[in-house]
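Trainee: I have a structure I would like to understand better, so I am pasting it below and will then ask my questions one at a time.
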Amino acid sequence: MTLPDLSAFDAVVYDLDGTIVRLRVDWDDAARDAAAVLRNAGVDADSLDLWKMLDAADEAGVRDELERELAAHEREGAWVSDRLPLADHLADDGVPSGVCSLNAEDACRVALDVHDLTGHVDAVVGRDTVATQKPDPEPLLTTLERMAVDPDSAVFVGDSARDEVTADRAGVAFRYVDGGPSGV
């Protein structure tokens, strides 16, 4: 894994999954359970990916139920997650640090606890912390606000093109972990 140079920044916000830890989530199983929630609400979810299922859950009024289902899978995966090399930088960077993730906030906190990183993180914002999700800039800006850090002095580190778009929309510098995007 190639670690990005973060020395020019006064604060660092990390994406979680694929960046500092790897959650062991069976996403196919999570999608099946999410689809079941939608089917029970009368929504055909067969052609929807997880992100579209979240939108459909909003429209059907079952977002909370779907979030509980997904968060359960993510928490389970957080308990057995793998610590990635960038987690060592998080523990040793000596600057304000935060986590901004598309995973549920409580799953992020479980992973941070499991890997003894909680004491090194000043703010955690997950998919369910604010009303919008990445690539909307609100989650990243909320993380920085909770850290009392100006966006101009921070960098967001992630593993996906969605993370890069989020940083751009928030006016925050961005660095890929491992040199490039893993997906969207």
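Trainee: For the range 76-184, what is the convex hull volume of its Cα atoms per residue in Å³?
Mentor: 96
Trainee: Another one. Find how much the distance from residue 161 to residue 41 grows on full extension, using 0.36 nm per residue of separation minus their present alpha carbon separation; answer in nm with one decimal.
Mentor: The residue 161-residue 41 span can extend by a further 40.0 nm.
Trainee: Tell me the carbon and sulfur percent of the accessible area for the range 1-97, rounded to whole percent, probe radius 1.4 Å.
Mentor: 44
Trainee: Given the chain reduced to its alpha-carbon atoms as identical point scatterers, what log10 I(q)/I(0) does the Debye formula return at q = 0.12, 0.17, 0.18 Å⁻¹?
Mentor: -0.54, -1.04, -1.14
Trainee: Please say if the range 11-119 is rounded, prolate or oblate, where rounded means a/c under 1.5 for a ≥ b ≥ c the square roots of the C-alpha gyration tensor eigenvalues, and otherwise the choice is prolate for a/b larger than b/c and oblate otherwise?
Mentor: Prolate is the answer for the range 11-119, as a/c is 1.5 or above and a/b outweighs b/c.
Trainee: Can you list, largest first and rounded to whole Å, the semi-axes you get for the range 37-100 by taking the square root of 5 times each eigenvalue of its Cα gyration tensor?
Mentor: One finds semi-axes of 34, 13, 10 Å for the range 37-100.
Trainee: Sticking with this structure for a sec: Of the heavy-atom accessible surface of the range 123-184 (probe 1.4 angstrom), what whole percent is carbon and sulfur?
Mentor: Of all accessible area on the range 123-184, carbon and sulfur atoms account for 45 percent.
Trainee: Counting only heavy atoms of protein chains, what accessible area per residue, in Å², does the range 1-87 have with a probe of 1.4 Å?
Mentor: 52
Trainee: Summing +1 for each Lys or Arg and -1 for each Asp or Glu, what net charge is found among the other residues whose Cβ lies under 11 Å from the Cβ of residue 147?
Mentor: Summing Lys and Arg as +1 and Asp and Glu as -1 gives -3.
The values are calculated or read from the model by the stated rules, or taken from the named source; none is laboratory data. Quick caveat: nothing in here was measured; it's all calculated off a predicted structure. Positions of Cβ are backbone-derived with ideal geometry, glycine not excepted, and every protein chain shown enters the neighbour counts. Just the protein is used for accessible areas: all its heavy atoms, side chains included, with ligands, DNA and RNA removed. Shrake-Rupley method; radii C 1.70, N 1.55, O 1.52, S 1.80 Å.
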